[in-house]
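The values are calculated or read from the model by the stated rules, or taken from the named source; none is laboratory data. Keep in mind it's a predicted model, so treat the numbers as computed, not measured. As a convention, Cβ positions derive from the backbone with ideal geometry for all residues, glycine included, and neighbour counts pool all protein chains shown. We work out accessible area using only protein heavy atoms, side chains counted, and drop any ligands, DNA or RNA first. Shrake-Rupley method; radii C 1.70, N 1.55, O 1.52, S 1.80 Å.
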Amino acid sequence: MRAAVLDAPGPVTNFHIRSLPIPEPRPGWVRIRVKAFGLNRSELLTRQGLSGDAVTFPRVLGIEAVGTIDDDPSGTFIRGQQVATMMGGMGRAYDGGYAEYTCVPLSQVIAFTSSLDWATLGAIPEMLQTAYGSLTTGLDASTGQYILIRGGTSSVGMATAILAKRLGMTVLSTTRNPAKTDSLTRIGVDHALIDDGSIARQVRQIVPSGVDAALELVGTPTLHDTLRAVRVHGVVCFTGLLSGEWVVKDFYPIEYIPGGVRLTAYSGEASDLPPAVLQGFLDDVVSGKATVPIDTVYPLDRVREAHTRMEEAKASGKIVVLLDSAPSEVNQQ
Ligand SMILES: NC(=O)c1ccc[n+]([C@@H]2O[C@H](COP(=O)([O-])OP(=O)(O)OC[C@H]3O[C@@H](n4cnc5c(N)ncnc54)[C@H](OP(=O)(O)O)[C@@H]3O)[C@@H](O)[C@H]2O)c1
């Protein structure tokens, strides 16, 4: 099979398209014929050598994938069944989705049925799981509330905006780049804000008492300001760290957290995305009630370009790799 192998942490040139043996599922695992996968920031951190000792190299990265069941020795799934998988050590503890086949534990496989194209399907699993989990477990969001999304053009930020609009919320989303505000308004964001480091002031011009909920995706450099954009008894959920900074230094809660504002966090697995939620979202995309924020679709051979686009923060939405898009020669570098 063809796979994008990362030989060692470092630049994108450490990715090589190689021919590897098709992996065999161990007991309790399945083999998936990968059709597409979305790129994730955590894979950038792994590529940069920031994932700690948990990752050894060479490694096939990829914390998520969609495709069809190729072999399930347990008989739980039927060969050819459409499935999504994510997390659970994929692309870190064992080889992940950047390949034509991947083997994963049964416990992290979600079956679905959809007529959507594979590129669209590939964009969805991890992005939807994170957005859904942040809105439900993290923020306990409800209809009629105001939500601030800090890091709004990220794929998780855009997916959260789409789910929040479906729920009947008013959405305020940030970007540092004025050229990207259109991509926010196109998906239904009510107020696209330019992040100049002081969003709380801008938010309170729109919602003087502060928003009900805020999703922090940039990290600790903006967290204090995000907390100040939220009303008393409102919630901030720390889900992302786009800045690469996630530790609050010299944390003194009374000074750091405004009185009455609640701070929580979210980190999810495949089991945090109920199959009915995934299926419902896919059906809504088919019927036009929901959209999927896709930035660019690449063939596997161009994984270096895809990672460069992610690293340079050029995307608005999800970067996807489609496996069968272009037959390619195996590059035995
Ligand atoms: N907790 C969880 O379970 C979980 C799961 C998945 C992802 N995450 C995290 O969620 C975050 C979003 O992930 P993603 O894959 O959706 O990201 P993404 O699509 O790659 O996000 C790209 C956008 O992030 C913004 N950005 C990049 N560097 C930034 C910086 N230094 N400061 C502020 N904004 C910056 C840029 O927006 P502008 O240029 O428009 O400002 C860029 O377009 C990541 O931190 C990821 O690790 C968490």
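For segment 10-57, residues that are touching a Cys at 6+ places or on another chain (Cβ under 7 Å) and of a type in the set (F, W, Y) total 1.
Scanning segment 189-221 for residues that are among the β-branched types (V, I, T) and buried (at least 22 other Cβ atoms within 10 Å of the Cβ) yields V189, I199, V203, V211, V218.
Okay, residues lined up against (1) over 14 Å from the mean Cα position of the chain (by Cα); (2) modelled with pLDDT of 95 or more; (3) open to solvent by 70 Å² or more (accessible area, probe 1.4 Å); (4) within 27 Å of R186 (Cβ to Cβ):
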| residue | (1), (2), (3), (4) |
| --- | --- |
| T264 | yes, yes, no, no |
| L273 | no, yes, no, yes |
| D283 | yes, yes, yes, yes |
| A290 | yes, no, no, yes |
| T296 | yes, yes, no, yes |
| R302 | yes, yes, yes, yes |
| T308 | yes, yes, no, yes |
| E311 | yes, yes, yes, yes |
| A326 | yes, no, no, no |
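Candidates are the residues of segment 249-273 that are part of a loop (DSSP other than H, G, I, E, B) and within 16 Å of the ligand (Cβ to nearest atom); the one that is nearest to D140 (Cα to Cα) is Y266. Within segment 231-261, the set of residues being over 24 Å from the mean Cα position of the chain (by Cα) and surrounded by 14 or more Cβ atoms within 10 Å (Cβ to Cβ) comprises R231, G234, I257, P258, V261.
In segment 3-27, the residue that is surrounded by the most Cβ atoms within 10 Å (Cβ to Cβ) out of those that are of a type outside the set (A, V, I, L, M) and touching a strand residue (DSSP E or B) at 6+ places or on another chain (Cβ under 6 Å) is F15. Considering G144, G133, the condition of being within 13 Å of the ligand (Cβ to nearest atom) and either over 20 Å from the mean Cα position of the chain (by Cα) or outside any loop (DSSP other than H, G, I, E, B) (or both) is satisfied by G133 alone.
The number of residues in segment 176-188 that are under 14 Å from S154 (Cβ atoms) and open to solvent by 10 Å² or more (accessible area, probe 1.4 Å) comes to 5. Figure legend. Inter-residue proximity from segment 64-80: first residues surrounded by fewer than 19 Cβ atoms within 10 Å (Cβ to Cβ), second residues of a type in the set (F, W, Y) and part of a loop (DSSP other than H, G, I, E, B), beta-carbon distance below 9 Å, spacing 6+ or different chains. No pairs are indicated. Just one of (1) away from the ligand (no atom under 14 Å from the Cβ); (2) in contact with a Phe, Trp or Tyr (Cβ under 9 Å, 6 or more places away or on another chain); (3) open to solvent by less than 10 Å² (accessible area, probe 1.4 Å) trips up L128, so point out which. Every listed condition holds for L128 apart from (1).
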